[in-house]
């Protein structure tokens, strides 16, 4: 077979393959990406521990949350830079920060709302809201249709004593323990004792709850002081929840996915 005939056959086969490809879907929507002001926290403060809970089934829903494609913390750059400064100071005190959640897409908040309206789904009640009736989650302020996390400058985080040891993975279906129980009885976490677990729907999670005393209260104060010193404000109802001020996007609720590609190249 001559080289010309071989080339013609290759070109013909390629043309047939191209014709066999499906046509682009009309009205296809391109996945949104983060604005240029967003970064991956690891690119700014790589020593901060990340345990991105909503990318796992260890959540109050019992499943991975919509929009969390990868376990990566995305935040606005000013918030990331402030966390880097707080981390440097805490490292000198023998601690590291650990983030549980950072930017949260609106589709994740919508997932929370759908779950909260399904009063039959109480698979994780024994751990995350043992003393709260699920029908009151909206009224009591635990679930809302908007979240400051979606604006990109709010983080959920805690402290871990150095050297940091890993937290064992949650096994779906394993026995659950109340998030407000003594530390030895709660799901194991490598963080210091803050008096409750993360995402504990309980008044004991209020930062200044008078029932929280001793080392637990001191740990909360170390975390709050470190973050307030670099521009973060605490949500009084959640010891783990902090928002950087001023927010670059105080009125915008984003919906790009939590994934490296959302901030690729930054």
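The values are calculated or read from the model by the stated rules, or taken from the named source; none is laboratory data. Everything numeric in this text was worked out from a predicted model, so none of it was measured. For neighbour counting, all protein chains shown are included, and Cβ atoms are generated from backbone atoms with ideal geometry for every residue, glycine included.
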(message) For the list (1) in a loop (DSSP other than H, G, I, E, B); (2) surrounded by fewer than 20 Cβ atoms within 10 Å (Cβ to Cβ), I need the number of the one condition that residue 142 fails.
(response) (2)
(message) Checking residue 167 against (1) more than 21 Å from residue 220 (Cβ to Cβ); (2) in contact (Cβ under 8 Å) with a residue 12 or more places away in the chain: exactly one of these is not met. Which one?
(response) (1)
(request) Could you identify the single residue in 255, 189 that is free of Cβ contacts under 8 Å to residues at least 40 places away in the same chain, under 18 Å from the mean Cα position of the chain (by Cα), assigned to a loop (DSSP other than H, G, I, E, B) and surrounded by fewer than 19 Cβ atoms within 10 Å (Cβ to Cβ)? (result) 189
(request) Tell me which residues, restricted to the stretch 66-88, are more than 20 Å from residue 167 (Cα to Cα) and either part of a loop (DSSP other than H, G, I, E, B) or free of Cβ contacts under 8 Å to residues at least 40 places away in the same chain (or both). (result) 66, 67, 69, 81, 88
(request) Determine if the stretch 19-42 includes at least one residue that is at pLDDT 65 or above and assigned to a helix (DSSP H, G or I). (result) yes
(message) As an exercise: evaluate residue 217 against (1) farther than 21 Å from residue 49 by Cβ; (2) modelled with pLDDT of 95 or more; (3) outside any helix (DSSP H, G or I) and give the number of the one condition it does not meet.
(response) (3)
(message) With out of contact with any strand residue (DSSP E or B) (no Cβ under 7 Å at 6 or more places or on another chain), surrounded by 20 or more Cβ atoms within 10 Å (Cβ to Cβ) and in contact (Cβ under 8 Å) with a residue 12 or more places away in the chain as the only criterion, which of 160, 109 stands out?
(response) 109
(request) Identify, by number, the condition in (1) surrounded by 17 or more Cβ atoms within 10 Å (Cβ to Cβ); (2) within 27 Å of residue 62 (Cβ to Cβ) that residue 244 doesn't meet. (result) (2)
(request) Could you identify the single residue in 177, 123 that is surrounded by 13 or more Cβ atoms within 10 Å (Cβ to Cβ) and under 21 Å from the mean Cα position of the chain (by Cα)? (result) 123
(message) Let me spell it out: the conditions are (1) farther than 26 Å from residue 247 by Cβ; (2) crowded, with 21+ Cβ neighbours inside 10 Å, and residue 149 meets all of them except one. Which number is the exception?
(response) (1)
